[in-house]
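The values are calculated or read from the model by the stated rules, or taken from the named source; none is laboratory data. Because the structure is a prediction, the values reported are computed rather than measured. No Cβ is skipped: glycine too gets one built from the backbone with ideal geometry, and neighbour counts run over all protein chains shown.
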Amino acid sequence: MMGTAAVAIGTAAAIPGTLVNLAAGGGERSAVRFGHPSGTLRVGAEASQANGEWTVTKAIMSRSARILMEGWVRVPGDAF
C-alpha cells in the first residue's frame, strides 16, 4: 500500500462516523494497522471538529519490514 493512500485511510479512521471509522470498529480511533507482504503499516491521525468542519492537525505513519536475514557474528577474543 502506498504511503499517501495509507495516511488518507488513517485520517478517515480518526473521524467518527466515516465509513472507514465504522469499518475499523467505530468510536475514537487514533491509529489503524495494515498487514502487507513485507510487514505491517501503522497509520493514524488527530482530527478535531470546529463549526461543523473537521481539521486534521497531525498524521502519523510507521512501517515494519519482514526479516531479511538472521545469523551469528564471531569476533575473536583479542579484537577488544
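Points to keep in mind about this one:
- Some residue of segment 64-79 being touching a residue at least 24 places away in the same chain (Cβ under 8 Å) and surrounded by 10 or more Cβ atoms within 10 Å (Cβ to Cβ): yes
- Restricting segment 33-61 to residues that are hydrophobic (A, V, I, L, M, F, W, C) and more than 14 Å from PRO16 (Cβ to Cβ), the residue that is surrounded by the most Cβ atoms within 10 Å (Cβ to Cβ): VAL43
- Neighbours by Cβ (under 8 Å, 6+ apart or cross-chain): first from segment 32-44, within 21 Å of MET69 (Cβ to Cβ) and among the β-branched types (Val, Ile, Thr); second at pLDDT 85 or above and surrounded by 13 or more Cβ atoms within 10 Å (Cβ to Cβ): THR40/ARG33
- Odd one out for PRO76 among (1) at pLDDT below 90; (2) at negative phi; (3) not β-branched (Val, Ile, Thr): (1)
- Search result, residues across segment 1-40 that are basic (Lys, Arg) and under 12 Å from ARG63 (Cβ atoms): ARG33
- Residues satisfying the stated conditions in segment 47-70, i.e. among the aliphatic types (A, V, I, L, M) and out of contact with any Leu (no Cβ under 8 Å at 6 or more places or on another chain): ALA47, ALA50, VAL56, ALA59, ILE60, ALA65, ILE67, LEU68, MET69
- All positions within segment 10-31 that are surrounded by 18 or more Cβ atoms within 10 Å (Cβ to Cβ) and within 30 Å of LEU68 (Cα to Cα): GLY10
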